[in-house]
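Structure first, commentary second.
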Amino acid sequence: MALTGAVVIGGGPAGLMAAETLLAGGFAVGLYDAMPSVGRKFLLAGRGGLNITHAEAPEKFLTRYGERATRLEKMLSGFGATQLRDWVHGLGIETFTGTSQRVFPKEMKAAPLLRAWLQRLRAAGLRIHARHRWLGWTGDGALRFATPQGEITVHAAATVLALGGGSWARLGSDGAWVPLLEARGVAVAPLRPANCGFELAWSTHFRGRFAGQPVKAVTASFVDAAGTTHRRSGELLVSDYGVEGSLVYALSAPLRDTITAQGGVTLMLDLLPDHDAARVAAAVTHPRGSRSLSSHLQSRLGIKGIKSGLLREALTAAAMNDAQTLAATIKALPLRLTAPRPLDEAISSAGGLPFEALDEQLMLKALPGVFCAGEMLDWEAPTGGYLLTACFATGRAAGAGALVHLRASG
């Protein structure tokens, strides 16, 4: 049986940050990951431009975590957006803030950051064990791992679990840890899709013509099961199965929960949020002479392409030619969403380990010496750098908690 001071299981941002914190505290650390290399989801997430964090004010930033904001507040105040950006600079990676206040590496890619980080961690003594899938514990508390050479056991004075959520299983976040913890008496909230697309029954004609196209400059709103109105402006994408994109992801948590409670939800799209209802009505009812309705809408309101297609998808031919109905639908076009897309397709997941199962240092109350971090904890946030920031912050907090434990037991 192998022996080590501290073990970190999971090689994403949370696990690597926990390892860095433990190494800085002077302890030997072994990091174990089931995949052939670490940081795979991190690398793929950064393929189109790595959004590290967000530059908005801290008090606004914190609200992005919804009901879990109070649980994360201390961790984010210790290692939030400013500290994370300084840490990235410490790796020799320059950053910039985009027009949306999102923060990116100057080169936009995740690979240079991960490469520099791993070089620093290895120089500090981190031992990385790839292709080691965690299988739980032996009867005497040793950690079990499946390896290409067979099963091994490792005894750790402290363990940090940073195993991800349940999305993108091909990259390692497969939720396989859930039954392992449940078998030890730890309650786990069901993993659910977050930052995901939603299913919608498009007509064959609309799907064939517009799937893959964006709908820009719209406002989406809906009323949840409790009667609260949610509203967001931005851009969404029409997909073969329904809708996705940044605007949808920002509303995905209450949309998902409303569908769970009611069996479906109607998302209302304002196709012209910069035009009030009176202006739209006046334009629609303006005499169009010999022009077609499509030409009239394009000329008077700039509605064409996919927005015109959405109107024809929502309305019958007769309703399209009723000025009052058409004007009202331009300002409130209904999309009936029936289900979120499967968990494995989601950008991230909700559910996981409830904070009530952990102490203030992120140690499992039922398993002394076992700390948890990252997306396997029960929190969620929209895209925009919030996901990564909390993964880094909880990884650092779990590593700090494990340090306290190691020092107390040493």
The condition from (1) free of Cβ contacts under 8 Å to residues at least 12 places away in the same chain; (2) under 15 Å from the mean Cα position of the chain (by Cα) that T70 misses is numbered (2)
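Looking at the stretch 268-292, which of its residues are crowded, with 17+ Cβ neighbours inside 10 Å and within 17 Å of N321 (Cβ to Cβ)?
Within the stretch 268-292, V280, A281, A283, V284 qualify.
Considering each of R144, R122, R133 in turn, give the residue that is without any contact (Cβ under 8 Å) to a residue 40 or more places away in the chain, surrounded by 14 or more Cβ atoms within 10 Å (Cβ to Cβ) and in the same structural domain as G172 (by TED's automatic domain parsing). Explain how you work it out, then say what you get.
Details: R122 fails: surrounded by 14 or more Cβ atoms within 10 Å (Cβ to Cβ); R133 fails: without any contact (Cβ under 8 Å) to a residue 40 or more places away in the chain.
Of R144, R122, R133, the one residue that is without any contact (Cβ under 8 Å) to a residue 40 or more places away in the chain, surrounded by 14 or more Cβ atoms within 10 Å (Cβ to Cβ) and in the same structural domain as G172 (by TED's automatic domain parsing) is R144.
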Six or more apart or on different chains, Cβ under 7 Å: which pairs go from a residue in the stretch 330-344 that's acidic (D, E) to one that's surrounded by 15 or more Cβ atoms within 10 Å (Cβ to Cβ)? Could you list them? D344/S167; D344/W168
Check off (1) among the aliphatic types (A, V, I, L, M); (2) touching a strand residue (DSSP E or B) at 6+ places or on another chain (Cβ under 6 Å); (3) outside any strand (DSSP E or B); (4) in the same structural domain as P334 (by TED's automatic domain parsing) for L180 and give me the number that stays unchecked. (4)
Check the stretch 4-22 and report whether any residue there is surrounded by fewer than 20 Cβ atoms within 10 Å (Cβ to Cβ) and free of Cβ contacts under 8 Å to residues at least 12 places away in the same chain. no
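Give the stretch 42-68 a look and list any residue that's aliphatic (A, V, I, L, M) and more than 17 Å from P13 (Cβ to Cβ), or say none. Explain how you work it out, then say what you get.
Going through the stretch 42-68, the residues aliphatic (A, V, I, L, M) turn out to be 43-45, 50, 52, 55, 57, 62.
Within the stretch 42-68, A55, A57, L62 meet the criteria.
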Kindly indicate the residue of the stretch 333-359 that is in a loop (DSSP other than H, G, I, E, B) and at pLDDT below 95 and also farthest from the chain's Cα centre (by Cα) among those meeting that condition. A346
Residues being in contact with a Ser or Thr (Cβ under 7 Å, 6 or more places away or on another chain), buried (at least 17 other Cβ atoms within 10 Å of the Cβ) and touching a residue at least 40 places away in the same chain (Cβ under 8 Å): count how many of those fall in the stretch 225-258. 2
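Which residue is farthest from R207 (Cα to Cα), if the candidates are limited to the stretch 232-258 and must be β-branched (V, I, T) and part of a strand (DSSP E or B)? Walk me through how you get there before you give the answer.
The first filter runs over the stretch 232-258 and keeps only residues β-branched (V, I, T), leaving 238, 243, 248, 258.
From what's left, part of a strand (DSSP E or B): 238, 243.
On the way: V238: 8, V243: 11 Å.
That would be V243.
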Take the stretch 82-102 and flag every residue that is touching a residue at least 40 places away in the same chain (Cβ under 8 Å) and either touching a helix residue (DSSP H, G or I) at 6+ places or on another chain (Cβ under 6 Å) or of a type in the set (S, T, Y) (or both). L84, T95, T97, S100
Take L163 and decide whether it is closer than 23 Å to A398 by Cα, surrounded by 17 or more Cβ atoms within 10 Å (Cβ to Cβ) and out of contact with any Leu (no Cβ under 8 Å at 6 or more places or on another chain). yes
Within the stretch 187-222, which residues are over 22 Å from the mean Cα position of the chain (by Cα), loosely packed, with under 15 Cβ neighbours inside 10 Å and in a loop (DSSP other than H, G, I, E, B)? A187, A201, S203, A211, Q213
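The values are calculated or read from the model by the stated rules, or taken from the named source; none is laboratory data. Everything numeric in this text was worked out from a predicted model, so none of it was measured. Positions of Cβ are backbone-derived with ideal geometry, glycine not excepted, and every protein chain shown enters the neighbour counts.
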